[in-house]
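Notes to accompany the following structure.
The values are calculated or read from the model by the stated rules, or taken from the named source; none is laboratory data. Keep in mind that this is a model prediction, so the values were computed, not measured. Positions of Cβ are generated from backbone atoms using ideal geometry, with glycine treated the same way; all protein chains shown enter the neighbour counts.
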Amino acid sequence: MNGPGRDPQVLDITANAGVVQARQLVRTLAQECRLSLVEQTKLITAASELARNTLIYGGGGTMIAALVQDHGRRGVRLTFTDRGPGIADVELAMTDGWTSGSGMGLGLSGSKRLVDDFVLDTVPGQGTTVVITKWGR
């Protein structure tokens, strides 16, 4: 299932520089996957929001980025993991327009709308993992 020709790349997100590096890596992978410019922008925007969430709310963490294939489709899969406080109310956090006050205001629901696959796993007191995938058309 993993990507054509390269291993997943792990990036630490422990400062603002990690958020910038995440965007750059995602742009590179999206281009390699031949996503359209619109699809690249959606993926980079979602990744930027999730990387910032990892840093601000999770206290830092990692992003694992991989090119993936499934049934002839190529895509980019990103896994954001932190060991922060977790999300106490997932339903509220996934509500359109809900924001904790900082960030780009997209929130988790906005990020979910920008990608094809979105999986959120959170345990209060233990951390959060969000896996997103954007498939080429």
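If I ask for residues that are modelled with pLDDT under 95 and either assigned to a loop (DSSP other than H, G, I, E, B) or closer than 16 Å to D12 by Cα (or both), which ones from region 70-86 would you list?
H71, G72, R83, G84, P85, G86
Spot the failing condition for D116; the list is (1) more than 26 Å from G136 (Cα to Cα); (2) modelled with pLDDT of 95 or more; (3) surrounded by fewer than 19 Cβ atoms within 10 Å (Cβ to Cβ), and only one is missed.
(1)
Out of L29, L35, L67, L25, which single residue is farther than 18 Å from T129 by Cα and in a loop (DSSP other than H, G, I, E, B)?
L35 is the lone residue from the list that is farther than 18 Å from T129 by Cα and in a loop (DSSP other than H, G, I, E, B).
Looking at region 21-36, which of the residues that are out of contact with any strand residue (DSSP E or B) (no Cβ under 9 Å at 6 or more places or on another chain) and in contact (Cβ under 8 Å) with a residue 24 or more places away in the chain is surrounded by the most Cβ atoms within 10 Å (Cβ to Cβ)?
R23
To keep it simple, each residue is scored yes or no on (1) at pLDDT 90 or above; (2) in contact with a strand residue (DSSP E or B) (Cβ under 8 Å, 6 or more places away or on another chain); (3) assigned to a loop (DSSP other than H, G, I, E, B); (4) farther than 26 Å from L35 by Cα.
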| position | (1), (2), (3), (4) |
| --- | --- |
| T95 | no, no, yes, yes |
| K112 | yes, yes, no, no |
| D121 | yes, yes, no, yes |
| G125 | yes, no, yes, yes |
| T128 | yes, yes, no, yes |
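Is it the case, given these coordinates, that L92 is over 16 Å from the mean Cα position of the chain (by Cα) and within 24 Å of W135 (Cα to Cα)?
When the stated conditions are applied, L92 does not pass them.
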